[in-house]
Each structure stands twice: as structure tokens, then as C-alpha cells.
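J.: Attaching a single structure in C-alpha cells format; questions to follow.
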Amino acid sequence: MRWLVGWSSAAAGPVPGSGGVPGARSTRARTVLPVGAQVLWGDPDPLWAVGDWRPDEVRVVHAEPGGGDGHGGGYGYEYGAGYRDGSGSGRGGANGRRNGTGDAYSGITRLAVLGQCRASDAQLRVGLFAARGGALRHLTAWPGSYTVVLQIGRRITVLGDLAGARPVFHTPWEGRTAYATAALPLADLTEAALDVTHLAATLACPDSPEALGDGTPYAGVRRVPPGHALILRDGVPQVADYEPAVSLVVSAAVADPDVAVAGVRDALVEAVRTRLAQPRFVPDPGSGEEAPAPGIGADLSGGSASGTLALLAAGLPGQPGMPLGFGGQAGQRLLAVTFNDLAGGRDPGRAAELERAHAMAADPRLHHVVVQGGADALPYADLGSGPLTDEPGPALVIAERHRARLLAGGADHLVGHGARQVLDAHPARLADLLMDRRRRHLLRPVTALAKADGALAPLSVYRAARRLARTGYQQGVEDVAARLLQGRFDDDVSGGSAGSMGLAAGSGAGSALFASLAAMAWCRPGPAARWLTGEALAEVSVRLQDAAARPAPTERPGERRARAALARYAADHRVFEQAVAVPDQRIHAPFLDNQVVRACRALPEALRVQPGARSAVLRAVLAASGIRDLPPGWGANSHASTAAAARAGLRTSVEDLVQLFEAPLLADAGLIEARVVQGALRAAAAGEPLPLDGLAELVGTEVWLRRLLARRGSCWTGTDAPGQRAVAGGVQRLSL
């Protein structure tokens, strides 16, 4: 896991008694330092990069009188771990230097960009100047996926991304505010306990900001919402949005569809070019661990999202694939990986996907690799091993399934995650069209939704959209709070958050239609809510009632639900990255990049709600790039095959899962009753139409708690480091 961490102090000036350690927090000559960190800048407000960052993923720019290196004027630039003296060591330049007034912050203006960012040195300098004038959004407009930390005098600003795949967390600590891009290190630093109510909210209403708020599984550690910046001055935090929201009162101007699609094309091409432009990484062959292939690879599942990225990467100028001299597949060909699920059951849709993947792999610029997945690659396989992720998530139950595929990929591997969330229209957007009095645009999407399962019921869809358009935010949230108290989940049968991290909703007659109808609400219970205890649901209901009492948001219901669904998916994707981590590999999801998310949001709602809109947009993207020969059926849905694999994995591992819930930590926390969940697992394995993604969330959370309990060590070192297993100790207390 890679993360950055720093803090903003309430007192000005360097920290006394630091013993010459750059950025060390000291009290009576005792220090606290992150384990395995490289200092980006030192006192008075230090910043570290922790983990296996590559040299090209860390860039620091200084702007100050006298220059960034303490030797003359201009700007100082730094790359990677080899920082110049005076730039990252606290021995000169802007780090820890006082001027004649004795103010340690005077003249400090510096910018750190961590991740994949295509901005040139000149663009970073312009961004630094613009940020001094307050233009924070400018720092998020470069192609790529990255985190920005800006310090101007006493003010520190940390910017995440629009989707939430690169989150920012903060917590108060000894009179200052510590911030990081991971929550667990901050929990270690403050010796935080588990926030059981937040875990209940995550299971009860996983994609509802009203229930989750800005909390995390760790008490006192807060999350900065996507599209917002954390601003710290003298240790005092403030959260401000840098992205304008759509107004509930005034409808946005309707964009030209052709121009909007061209914007998506340009953003996607730039996102792929950003990955191709970075130095090719060659894993260390002497590490003794299995490693991916050198260079760049891509998923080629047969779906439209992964296929678009693979074909774009293979068709762009340059050498998209592996470096010359590393195997027979080296050269300009892109490594394309297809997963063939041999144990998930025979599904016509999956067979068609494989045929499309093979057809696209006939491109001579692609080197095609097919990974055969047996029973050991089914969901729920090998839950006893795996890394501890920052937060729980359903991705934990499918980690082994995807690790085998990614291990066959490149050191930099492109995946199509997030395409559905940024391109497809959330069903609640139909209410937005009604609020704009654009009823004629409803005919095709309403008919398509009604026909999803072969039953024509367009009037039901229209009534649900009209009901949402006429329901106020406060009333909608209060209704869900009442449903939780009464235990009413009947309209969510086999629905849930379909497609969440590859775990589709359960099968059953009318499931897609019921899920769409249930999604047309300001807020809704999650698929796991039906298995929570009454006490846990009551606590979440109180949270919802408190949210309803606060001022209503200015967003329209469809826009708000779409943003919340994207944030939920991005959080799950982050857990996925950590759970399937392969040494020396980076997983790239260009659809979650800022510029791609913005371009997709510019698509007209009337275009987004049309049936097949995602495949039509991606087909236009490829056509504009010169790729027009696509296989028949390109863009078809894949929900059925993922649902079949989930059910097959549940049948195979049901006895192990039942044993997992013999004495679950979730029951010790008062969130579930063990026998109820055990019965649900057996029933789902027998074929009953229960929400499989809800069971995956319960299993994933239980596995995460057990890994947290088994954890040893801490993210911090030094003579003043906090207790070793503060959070894990909190889990242990649940079982006493």
C-alpha cells in the first residue's frame, strides 16, 4: 500500500528537539516517524511518501525567493526518491528555513504531486502560481490520476480526485491536524478505536452519503468527500468543494451531444497516453516473488470498457507494450489478458464475451494471453490469506479470482473499471428529466427499463420517476429511516448494487426492473441491510433522521444518486487495488481519472439515459481514433456471467463460510446474528433468490475484521510512537 502523510501544526516555527531528523515530530527529544517513509519536505509542517513509490510518481516543486535549492533564484524541481540537498532534506530552500522575521513559514510556496500526472514542469509551475491566487480546480485538471498537496505559508491544501479513488483523510492529533491518503495510518497515530456505527451504516446504506457522512471505520478519522479539498491553517481543518454542483432549481444548459462525445474521446485518449508516456517499469527478477510482465498490459474481457482501452493503447503511436529485450512478446505489441472462467458455469453471455475478446485480439498490435480460471479462482476462494486493506469491501471475496488474471498482466495494467458508473445513466436521472419538463426524452429509456426482464411495465417506471421528482429530499430520507426501523426490504429482492466490483446481483424474475424501481429514490437500504440486527438498523436510522434535519442539498436527485454511486464504486475499487496487489504492478483505471469523469458528466442527460448509451459513446470514441471493425455484439451486458460465478463460488465454499460465521466479530459488535447469516448463506447456495452482493459485503467485512485483529506492528516508529495495535485491540474487545 502506498500513501502520503503529513500534518499542520498549530504553532509556528520548527519543532524543538527533533534531533536533526527531517520532519520528525518531537516531544522531549522523542520522535514519531512513518515506517519506511521518504521525506518530501521537512519542518515546520512535514510531508512523507510511504511505500513503494516509483521515482516518476513523486514530483515536488518549490517557488520562493532564492529558489528551491537555496542557491539562487527560480524554481526547484524534484523527482522521485533522489532529492537534491536543500530540496527535500530540510537543510535549505523552503524547508525549515527562517527569514529575518523569525517566521518559519515565510516564503514557503511548494507543491507535491503524487501519482500518474502528465503535467510538464512548466504546467506545474503555472499551476503553483494559479493556486496562489485561489484556483484550486486548476490543480485537478491535468491528465492522469494523482493527489496534490499545496503549501503556501501557513496554509496547506490537499486535493483528492472527483471519483474518490484517491481519497484524503484527516484527524485531530495533539493540537494539530494530521492528514493522509490512507485511514489506517491515522488510526494508528491517534490510537483510534473502531467506529461500529459507521460499519453498520456501510452495510445498511453503502451508497448513501446521508448515512455514511464523512466517517471511516476508525473513530475520529474523517474522509474528505470526492471533489473537495482539505484546507489546513494553523492545524485547523476546513473542507471546501472545488467542483461546482448541479443546481436543483436551475437546470444546466444542454450540451451538444457531438461535442460532448468528442470531449469524452479526447479525455480517454489523453488518459491512456498518460500511462504510455511514463517510463516502462521492469520488475526485479531476483525478488523471489511472482511478478507481472515488464511494460504495459491491459484487460481484454470482451466488454466495451476494457476493449476500448486495450485498442486505444495498442493504436496510439509509440511502443505501448513491453520494452525490447524482455521475452519473445516484446516490442510494440500490447499485452492483452483475457480471463476464462472454467468453473463459473456455462453461460451463453460469457461465451459470447470470450468470442469478442478473441476477435479483438486478432489485432497484430496485441499479444493475447488467456488465463484459465479453475475452482481456486471462484469468488470466496482462499479467504484465509491476503493483505490487510485500508477499509472493508466486497472486493475481498474476489481478490484471488482477479489476482491470477493481473499476475499475467503488465507492470502497468489498464482496466475498464468505472466505465459503467461514469457513462451509464443512473435510473434516478429520469426524475431529473421530469423536473426539466423533458418528457419526450423518457420514452425510450422507460420502455427499455420496463422490457429489461421481458415484462412490459412502462407505467410503473414512469410513476417511480415522477414520484421521485415530486418527493422532497427531507421526506425521501425520512422514508428510508422509517423503512430501516420497520425492517421493510421487500422491494429490493435480488437487486442491490448490481455489478459492484464484479459481484452482480442475484438472479430472479424481474430483478433488473425491481432494482431500477428501487434505485429511484433519494436514499435506499443496501442489499446487506436485511441481515443486520434491529439495534444496528436503529442507529443507522438515527443518522438518516439527523441528515434529514439538516439543510437539503442543491443537487437534483438523479445527479446526487449518480455521484454517490460513483463514490461508492471508487471506494470499492481502491479496496480492490489493495486486495489484489501484485508486487511491482500498478493498476490503472482511466475511467476514474478527473478529466474523464468531467467529460462524461458533460454528456447530455437525454443521451445518457438512452439504451446502449455507453457502448454507443465508446464506439464513437474508437471510430474517431480509426478503429471501426468491432465484433458483433460488442457492448453487451455481462451481469449474468458474474452472477453465475458468484453463485458457483458460494456453492463451493458454503461450508467454509458457515464456519466463518460460527463466532463472527460482526455478531460481537452487535451488527448481525450469526445463525441468521448462516441460514442465508445456505439458502443462497441452494439457489434461493437472495442478494448475493449483500452476502459478499457481510463476508468481506468479517474477513477484514479478522485480518485487522491478526495484524502485528504499526505504521509508525520512534521513541514516541503510539501503541502498536490500537485498532486491532478495539476489535479484540468486541469478543470479550
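The values are calculated or read from the model by the stated rules, or taken from the named source; none is laboratory data. The structure displayed is predicted, hence computed values, not measured ones. So basically every Cβ, Gly included, is an ideal-geometry build from the backbone, and we count neighbours across all protein chains shown. All accessible areas refer to the heavy atoms of the entire protein, side chains included, with ligands and DNA or RNA removed. Shrake-Rupley method; radii C 1.70, N 1.55, O 1.52, S 1.80 Å.
J.: For the list (1) crowded, with 19+ Cβ neighbours inside 10 Å; (2) within 26 Å of LEU199 (Cβ to Cβ), I need the number of the one condition that PRO387 fails.
T.: That leaves (1) as the condition not met.
J.: So the check is Cβ under 8 Å with 6+ separation or different chains; which pairs have a first residue in region 655-679 that's closer than 18 Å to PRO691 by Cα and among the acidic types (Asp, Glu) and a second one that's modelled with pLDDT of 95 or more and open to solvent by 30 Å² or more (accessible area, probe 1.4 Å)?
T.: The qualifying pairs are GLU673/ALA667.
Residue-wise test of (1) part of a helix (DSSP H, G or I); (2) of a type outside the set (D, E, K, R); (3) in contact with a Cys (Cβ under 6 Å, 6 or more places away or on another chain); (4) at pLDDT below 95.
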| site | (1), (2), (3), (4) |
| --- | --- |
| GLY107 | no, yes, no, yes |
| GLN116 | no, yes, no, no |
| GLN123 | yes, yes, no, yes |
| GLY127 | yes, yes, no, yes |
| ALA135 | no, yes, no, yes |
| HIS138 | yes, yes, no, yes |
| ARG166 | no, no, no, no |
| THR171 | no, yes, no, no |
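J.: Give me the pairs: first residue in region 218-231 and in contact (Cβ under 8 Å) with a residue 60 or more places away in the chain and under 22 Å from VAL196 (Cβ atoms), second residue open to solvent by less than 40 Å² (accessible area, probe 1.4 Å) and of a type in the set (A, V, I, L, M, F, W, C), beta-carbon distance under 6 Å, and six or more apart or on different chains, which are they?
T.: Taking only residues 6 or more apart or on different chains, the pairs are TYR218/ALA183; TYR218/ALA187; TYR218/ALA192.
J.: Given the residues ARG628, ARG614, ARG619, which is the only one that is basic (Lys, Arg), open to solvent by 30 Å² or more (accessible area, probe 1.4 Å), touching an Asp or Glu at 6+ places or on another chain (Cβ under 8 Å) and closer than 30 Å to VAL264 by Cβ?
T.: None of the others qualify; the one that does is ARG614.
J.: Still on this model: What helices (runs of 4 or more DSSP H) lie completely within region 373-449 and have 3 or more residues being in contact with a Leu (Cβ under 8 Å, 6 or more places away or on another chain)?
T.: 419-423, 429-435
J.: Here's something else I'd like to know. Within region 531-552, does at least one residue satisfy the condition of being touching a helix residue (DSSP H, G or I) at 6+ places or on another chain (Cβ under 9 Å) and under 14 Å from GLY164 (Cβ atoms)?
T.: Checking region 531-552: not a single residue is touching a helix residue (DSSP H, G or I) at 6+ places or on another chain (Cβ under 9 Å) and under 14 Å from GLY164 (Cβ atoms).
J.: Scan (1) part of a helix (DSSP H, G or I); (2) at pLDDT below 95; (3) of a type in the set (A, V, I, L, M) for the single condition VAL658 breaks and write down its number.
T.: (2)
J.: Could you please let me know if LEU434 is free of Cβ contacts under 8 Å to residues at least 60 places away in the same chain and either open to solvent by less than 40 Å² (accessible area, probe 1.4 Å) or at positive phi (or both)?
T.: So LEU434 fits the description; yes.
J.: Mind telling me which of the residues ALA211, ALA229, ALA240 ends up being closer than 30 Å to LEU532 by Cα and not in a loop (DSSP other than H, G, I, E, B)?
T.: ALA211
J.: Pick out the one residue from VAL259, VAL269 that is open to solvent by 10 Å² or more (accessible area, probe 1.4 Å), assigned to a helix (DSSP H, G or I) and without any contact (Cβ under 8 Å) to a residue 12 or more places away in the chain.
T.: So the residue among VAL259, VAL269 that is open to solvent by 10 Å² or more (accessible area, probe 1.4 Å), assigned to a helix (DSSP H, G or I) and without any contact (Cβ under 8 Å) to a residue 12 or more places away in the chain is VAL259.
J.: Okay, next question. Could you list all residues from region 144-182 that are of a type in the set (S, T, N, Q) and over 18 Å from ARG118 (Cα atoms)?
T.: GLN151, THR157, THR171, THR177, THR181
J.: For THR197, state whether it is of a type in the set (Val, Ile, Thr), out of contact with any Leu (no Cβ under 9 Å at 6 or more places or on another chain), under 16 Å from SER541 (Cβ atoms) and surrounded by fewer than 24 Cβ atoms within 10 Å (Cβ to Cβ).
T.: yes
J.: Go through region 498-611 and tell me which helices (runs of 4 or more DSSP H), entirely inside it, have 1 or more residues that are in contact with a Cys (Cβ under 8 Å, 6 or more places away or on another chain), modelled with pLDDT of 95 or more and buried (at least 20 other Cβ atoms within 10 Å of the Cβ).
T.: 534-549
J.: Continuing with the same structure: Of ARG651, ARG725, ARG706, which residue is at pLDDT below 90 and open to solvent by 30 Å² or more (accessible area, probe 1.4 Å)?
T.: ARG725
J.: Could you tell me how many of the residues in region 304-348 are modelled with pLDDT under 80, open to solvent by less than 30 Å² (accessible area, probe 1.4 Å) and not small (Gly, Ala, Ser)?
T.: Qualifying residue count, region 304-348: 3.
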